[in-house]
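Beneath this line is the structure, given in structure tokens, with notes to follow.
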Amino acid sequence: MKSFQETTSADNKSIGFDYQYYYFLYLLLNLKQGEQIGIEVKDDIHIDLKDGKQVLLQLKHSVQTNASGEIINLTELDNDSWKTISNWVKVINDPNEGRKTLAQQRAFITNTSFILVSNKSSNKSNKFLKNVMKLKNREITLSKFKTYLDELHNETKDKDIKDYINTFKIQKDKWIESFVKHLKFELNQDDLIDKIKGAIREKLVKENRINNVFESLDSNIRTNNYITIKKREKVIITFEEFRKGAETYFEKARDSKLPVRKKVSNFSGDPFSQIFIKQLLDIEILEEDNIEELLSLTGYKMQAYINLETWEQEGEITASQREQFEKECILQWKNIFNQTHIRLRKRWLKEKDTISEDLLIEHAQDCYFKVIEKILEFEETKFDMEFSNGQFYLLSDTPNIGWKIDWEDKYK
């Protein structure tokens, strides 16, 4: 038996909201010119078509599994499906929307597609789904279909489901015929993120850029939806609005510039153990109690490292290209290092013991500040200051570069 906390857990509701949102995003990617889509406006999701017709979608997500660990089948007495149909009956017959007569109700039905979307599996033994298709294809009469509904109503002992079925079966014959004709079931709708990525792929996005486009779209649409709802406005997006907001992400995915990811994992471990931090403390660029700055510079290093690793793993760059990039960065450092230490080097070779620590630090700081002014480039990609600095921090952490004249003796 489940505990009270388990029965009141928000997990199921949360995944239901996510399921609705991701199906919305999937449909948004497939929107056509002249159409618009809304979430939690006319229904869970709705689409206004170019010809003036509309699509109403109810989404039902289940976490229940069968003995094989698969999502359960949709049964003919499924509570979700019958509750959905009952709700649509009330929408169609809503007098407050001016739909009091049969003619008005049928006009609304004719103009609308009603789609129940669920991750529940389709079921060949589901007689309700079978009979809906048979009635659509005129393989059975409406009289036989209504007889089946009576049998179904008598079969269940669940009061709510009885009420839902009754709400539907008491409608006029022409009403039921019209509704069934416009009723659809989209089952087995699972792995929505894969479906979204498939829709992105179909827009001719490079395979190794699909995740970037997905992440950008996901973040942008979620944020805009939140802001819109917070302003107490309706979330309705036209094709043109979506195109205007999203085309940047697709254009970036198609160009040859490297996609720089700003969001990186936090550094795990003792930040003071990093060689590049030890070097910066040594030349008094950093102070030990300035943790905020220390973590900020570590973030730049992590950004450079993770992007380089990801680009190589995803085939954006080859290992030899990465190696050549690092060699060029080291060469830029070396030129500045030699320039800032050229006079000091002569004294260092002859009278090392007479040179003060302050003078060593002064030259090292001069070298450091000139190096981090450099903006790095990789073929057609010009990096920003954060990445460029991060790359030099990464190289000084390896360590392949340093700042003081004796850095190799101390850190390599």
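Bear in mind that the values in this text are calculations on the coordinates, not laboratory data. Predicted model, so just to flag it, every value in this text is computed and none were measured. When we count neighbours, we look across all protein chains shown, and the Cβ atoms used for this are built from the backbone with ideal geometry, even at glycine.
Under the Kirkwood approximation applied to all pairs of distinct alpha-carbon atoms, what is the hydrodynamic radius of region 4-248 in Å?
That comes to 19.8 Å for region 4-248.
Normalised by the residues of the chain, what does the relative contact order come to in percent, with Cα pairs under 8 Å and at least six apart?
Relative contact order of the chain: 15 percent.
Hey, in the GNM for the chain with a 10 angstrom Cα cutoff, which one of Leu394, Leu376, Leu359 fluctuates hardest?
Result for the chain, Cα springs under 10 Å: Leu359 fluctuates most.
Calculated from DSSP H runs of 4 or more alone, at -39500 (n - 2.57) each and per residue, what is the 222 nm mean residue ellipticity of the chain, nearest 500?
So the helix-based figure for the chain works out to -18000 deg cm²/dmol.
How do the peptides 81-89, 48-56, 286-294, 125-133 rank, highest first, by the average count of neighbouring beta carbon atoms within 10 Å per residue?
Sorting 81-89, 48-56, 286-294, 125-133 by mean packing, highest first, produces 81-89, 125-133, 48-56, 286-294.
Quick one: Kirkwood hydrodynamic radius for the chain, alpha-carbon pairs, angstrom, one decimal?
26.9
Where does helix 127-136 land angle-wise versus the long Cα axis of the chain, in degrees 0 to 90, nearest 10?
So the inclination is approximately 70 degrees.
If you take the beta carbon distance between Lys159 and Ser125 as r and set R0 to 22 Å, what does 1/(1 + (r/R0)^6) give as a FRET efficiency, to the nearest 0.05?
0.35
If the reach is capped at under 23 angstrom between alpha carbons, list the lysines near Lys197, excluding any in the same chain fewer than eight residues apart.
Here the lysines satisfying the reach criterion relative to Lys197 are Lys32, Lys60, Lys120, Lys206, Lys244, Lys252, Lys257, Lys262, Lys263.
Hey, can you rank 134-147, 181-194 by average C-beta count inside 10 Å, highest first?
Packing proxy ranking, top to bottom: 181-194, 134-147.
Output the 0 to 90 degree angle, nearest 10, between the alpha-carbon long axis of helix 385-397 and the longest principal axis computed from the alpha carbons of the chain.
Tilt relative to the chain: about 60 degrees.
For the chain, find the longest principal axis of its Cα atoms and tell me its angle to the long axis of helix 357-371, 0 to 90°, nearest 10.
40
Based on the mean of other beta carbon atoms within 10 Å per residue, what is the order of 380-389, 341-350, most packed first?
380-389, 341-350
Over 26 Å between Cα atoms: which of Lys50/Lys83; Lys352/Lys410; Lys159/Lys234; Lys162/Lys195 fall into that group?
With Cα atoms farther than 26 Å apart: Lys50/Lys83; Lys159/Lys234; Lys162/Lys195.
Any idea how far the Cα center of region 234-255 sits from the one of region 99-136, in Å?
33
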